Structures are given as structure tokens and as C-alpha cells.
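S.K.: Right, I'll just put the structure down here and ask away after.
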Amino acid sequence: MKHVSIIALSLALAAGPAFAQEGYRHAEEEIGTVEQIYDGDLLPDLAVSTFRNIDRLFPTRTVPASDNPHPLEPAATPMGDVTAEANDQTYEIDDFVALDSVTGLIVLKDGKVAYEIYQRGNGPDTRWMSMSIAKSVTSTLIGAAIKDGSISGLDALVTDYVPDLAGSAYDGVTVEQILQMSSGVEWDETYTDPDSDRRDLLAAQIAQEPGALMKVMAGLPQAHEPGTAHNYSTGETSVASEIVIGATGKNLADYLAEKIWQPYGMEADAEWWLDAEGGHEIGGSGLSATLRDFARFGQFFLDGGMIDGQSILPDGWTDTAGQPVTLANGETVEYGLMWWPGWTEPSIADKAYLAIGIQGQNIYINPTKNVVIAMTAAQPEPLGKEPLDPLVMFDAIAASFDEE
């Protein structure tokens, strides 16, 4: 684990290179600040260097690589030409890469590499920010903790594992409602609004004071009865990470290494932002890893959470976590257990789903076509700057294998 003082943290936010990691070839690049990321205020080159060095923005804890990497062998037949139709136009892969500021794209078909490219100086050794892809990782760790008995089940109460939330609007909220983001607790996720709850949470993260994030969450009012309304909330994922830590007695990086990263065979160290020096991981963002290891995580999930013939997740978890959920009032929500169900006709038909992070990060899983796609990008704003919906291209890539 890296140890960084609050003074050094302030210098890094302003200057960047203070946290340069020895041996990492991008470590001396100029970077911006975390506020610039969320404001959408980075020019393209600075965005690229920042996104592959986010472990210099905050203290992190390392998720150690496996001694036995899971092989990613080349497919016998590489992916052929792919075109996607959208906006009354035809797009090829190179159009998509250019328009959506893609910095890395890998396609696994039947667990083998059918396509892999890097841009803007990235390579297989480049770590890249996940942002909200981390939410899907955190929710998977809750599944693992249920499987090993550390969490009694989806109906367990949040406050059983996060006593700091006792007496708050989270009283009576279940683990399942956290994963669905249906706690009923009020939340404003607007990234670019400095007065939003999301920016309050970011301010608490920047303060680097132990327990500050849960103080933000404990101070929120109730807006709905638990289980009756969905409201996307990065704060809920911070609660989810505290559930895992409270239930297992382990930090997220170590638990991820123990359950998935090492036994499944991730080939590179990952880094995970902390809420304070030596503190707890940020469950909703700040996990940086290589493109290939993001793809391996997707393949692990596609494989049903199986490692060496045994699943580390509850029965049926991977079949349902990425599908729409039904709330207590019968309403169907187009959100899973911190995964996004596909929204295009082909993806719905294939029951495909995604982990998605702002500025263009994606892990796409298509169980019908046995395809996993991982993508990194450096889009100029947190949301709304994708000329081509990545899912349209992902659907086209998956469909292209039907033509072989």
C-alpha cells in the first residue's frame, strides 16, 4: 500500500508527478486534478495522461497481480470488418474509435482475443481509470461475501454491517436495496454541479478524513420508502463497500485479490482509491487496471463466477445481476445489481449487460454470443459526449461472429 500525507496529496492535486510510481512508464506525465475530471475541464492530451495516472490523485491500495495469469490466447479467426448503423449513417471500427475518443478496445470471443487495439500511447501495460465500472466490481464482492457467509443474504440490513449509518435514513434498508439503488434515500448525482450530493461526496474524498464519506451518507434525508424508487447514486456504492468491509473484516483490495484477482489470474497489479491514507476503498470509482484485466473480469462474470470449477458467487448471481430489477411496488427498473442491462433491441434479445464508467469506460458481456468487450476512452465530459452509442458498436461486433 502507498502511504501519502495530506500535504503531499494537495501538491499532487496541483502538480501531478508527486505520486509517480516507480517502474510505470506513464508515471512522469503531467496530470490534471480530480475536480477537472468531474467538471469535464481537461484538454484531450491532459485527459489521457490523467486517466492513466489516477493513482496519483489519491492514496491507493494495491490489488496484487496473480502469479499465474489467466491466458488470453488469440482467437483462431480474428474479428473481421464490422460496421454499425446509427443516426442514418454507417460507422466502421475506426470511425467509432476516433469519434468516441477510444484509447483501448479488446474483444473476447469464447474467451479468446479476437481483436485488440490501443491508442494515444496506451498499451497492454497501461492502467486506466474505471470510474463506475468499480461499482460492478464492488457489487460482485457483496455476492462473494454472501456466498462465503460473511453477509447473511440480500435481505440483511445495511446497519448490521455499517454501524455508522445507524439512526440515519438507512435504518431498515437492505443490502439488496443498496445494490438496486432503491434505498429511498435522497441523492443528486449531477457530476458537474458543485452543489450536488455527488460533489459533496467528492469533497469528502478530497478531504481525506477517515469516515467522512459515511458522514455525508448519514446526513441525507429519506425521499421514498425503501425499495419503492430507483435513484442512481454513487453514494450507495460507498455504502456497499462499507458493507463488504464491515462483514468480512477485510479491505476491498485484499478481498478482491483473495476472491477474484489472484485466483482468476489477473496479470497486472490494480490500484484502488482510498478515502484516507491507510483507509477504506472508494466503492464507486477509482479502481485502475489494465484493459486486459478489465476484460478478464468480464470473462470471469460471463463464466458464471467460476474459478477452478467452483463458483465464488451465489447460485444464479451472474444470470440476474445484469438484468432489470423489480421493485417492491412492482415497478421494473432498467438497472440491475450495479450493472446496466442492455437498452438496444439486439442487446435486450441477447440479455447483454454492461459495467459503465463516465468518460467512456465499458465492460460489455453478451452471454448469448459468448462475447466480452472491454473499452477505455478519454471523452471530454463525464456524460453526453459519445457521438456513437458504444452499445450499438458492441452489438455489431457480437453479431459479426454469427457470420463466420
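Bear in mind these aren't lab numbers, they're just calculated from the coordinates by the rules spelled out. Since the model is a prediction, treat every value here as computed from it, not as a measurement. Because the Cβ atoms are built from the backbone with ideal geometry, glycine has one as well, and the counts that use them run over all protein chains shown.
S.K.: May I ask you to give the average projected area over all directions of the convex hull of the Cα atoms of the chain, in nm² rounded to one decimal? Intermediate results must be reported in sequence, preceding the final value.
M.R.: Values: hull surface 73.1 nm².
Convex hull of Cα atoms, orientation-averaged projection: 18.3 nm².
S.K.: Let me ask you something else. Run the dipole for the chain about the Cα centre, Lys and Arg Cβ at +1, Asp and Glu Cβ at -1, nothing else charged, and hand back the magnitude in debye, nearest 20.
M.R.: Working: 21 positive and 62 negative charges, 183 e Å.
Computed about the Cα centre, the dipole is about 880 debye.
S.K.: Taking the Cα centre of segment 154-297 as origin and charging only Cβ (+1 Lys, Arg; -1 Asp, Glu), how large is the dipole, in debye to the nearest 20? Mind showing how you got there, number by number?
M.R.: Working: 7 positive and 25 negative charges, 66 e Å.
Dipole magnitude for segment 154-297 comes out near 320 debye.
S.K.: Ok, one more. Got a sec? Charge dipole of the chain, +1 on Cβ for Lys and Arg, -1 for Asp and Glu; which of 40, 152, 251 is way out at the positive end?
M.R.: It is 251, whose Cα lies furthest towards the positive end.
S.K.: List the relative contact order of the chain as a percent without decimals, with contacts defined as Cα pairs under 8 Å and 6+ residues apart.
M.R.: On the way: 872 pairs, mean separation 95.4, N = 404.
This gives 24 percent for the chain.
S.K.: Take the alpha carbon atoms of segment 228-276, find their center, do the same for segment 96-131, and report the distance between the two centers in whole angstrom.
M.R.: Result: 23 Å between the Cα centres.
S.K.: Can you name the helices of the chain, as whole DSSP H runs, whose Cα span along the helix axis is 20 Å or more and whose Kyte-Doolittle mean is not below -0.5? Numbers along the way, then the final one.
M.R.: Numbers: long enough: 133-147 (22 Å, 1.05); 234-248 (22 Å, 0.63).
Span-like helices in the chain: 133-147, 234-248.
S.K.: Then there is this: Please give the calculated 222 nm ellipticity per residue for the chain, where each DSSP H segment of at least 4 residues contributes -39500 (n - 2.57) and the sum is spread over every residue; nearest 500 deg cm²/dmol?
M.R.: So the calculated ellipticity at 222 nm is -8500 deg cm²/dmol.
S.K.: Here is the link list: 147/215; 112/369; 135/259; 135/385; 215/385; 112/250. Which ones come out longer than 23 Å on Cα distance? If you can, show how the numbers build up before the last one.
M.R.: Working: 147/215 29 Å; 112/369 13 Å; 135/259 16 Å; 135/385 21 Å; 215/385 33 Å; 112/250 33 Å.
Result: 147/215; 215/385; 112/250 exceed 23 Å.
S.K.: Rounded to two decimal places and with Rh computed the Kirkwood way over Cα pairs, what is Rg over Rh for segment 124-219? Could the numbers behind the result be given before it?
M.R.: Numbers: Rg = 15.0 Å, Rh = 15.0 Å.
Rg/Rh for segment 124-219 comes to 1.00.
S.K.: What is the order of 303, 94, 81, fewest Cβ neighbours within 10 Å to most? It would help to have the intermediate numbers written out before the result.
M.R.: Details: 303 15, 94 10, 81 7.
So the ranking, lowest neighbour count to highest, is 81, 94, 303.
S.K.: Order of 256, 43 from fewest to most other C-beta atoms within 10 Å? Walk me through the numbers on the way to the answer.
M.R.: On the way: 256 27, 43 10.
By the 10 Å Cβ count, ascending, the order reads 43, 256.
S.K.: In a solvent-free Debye calculation with one equal scatterer on each Cα, what is log10 I(q)/I(0) for segment 48-199 at q = 0.18 Å⁻¹, listed in the order of the q values?
M.R.: Log-scaled intensity ratios, in q order: -1.26.
S.K.: Here's something else I'd like to know. Which of the three applies to segment 329-404, rounded, prolate or oblate, going by the alpha-carbon gyration tensor with a ≥ b ≥ c and a/c under 1.5 meaning rounded?
M.R.: Values: a/c = 1.92, a/b = 1.06, b/c = 1.82.
In terms of gyration-tensor shape, oblate.
S.K.: Still on this model: Hey, can you rank 383-393, 267-277 by average C-beta count inside 10 Å, highest first? Intermediate values should be presented prior to the final figure.
M.R.: Values: 383-393: 17.9, 267-277: 22.8.
Highest-to-lowest ranking by the protection proxy: 267-277, 383-393.
S.K.: Can you sort 92, 116 by how many other beta carbons sit within 10 Å, fewest first? Write out the running numbers ahead of the final one.
M.R.: Details: 92 14, 116 19.
The order, fewest Cβ neighbours first, is 92, 116.
S.K.: Mind jotting down the distance between the C-alpha centroids of segment 277-328 and segment 334-404, whole Å?
M.R.: 16
S.K.: Identify, among 114, 208, 181, the residue whose Cα sits farthest towards the positive end of the charge dipole of the chain, taking +1 on the Cβ of Lys and Arg and -1 on the Cβ of Asp and Glu, with the dipole about the Cα centre.
M.R.: 208
S.K.: For segment 272-367, what is the Kirkwood hydrodynamic radius in Å, using each pair of distinct C-alpha atoms? Please report the intermediate quantities before stating the final value.
M.R.: Details: mean 1/r = 0.0668 Å⁻¹.
Taking the inverse mean of 1/r over all distinct Cα pairs, segment 272-367 comes out at 15.0 Å.
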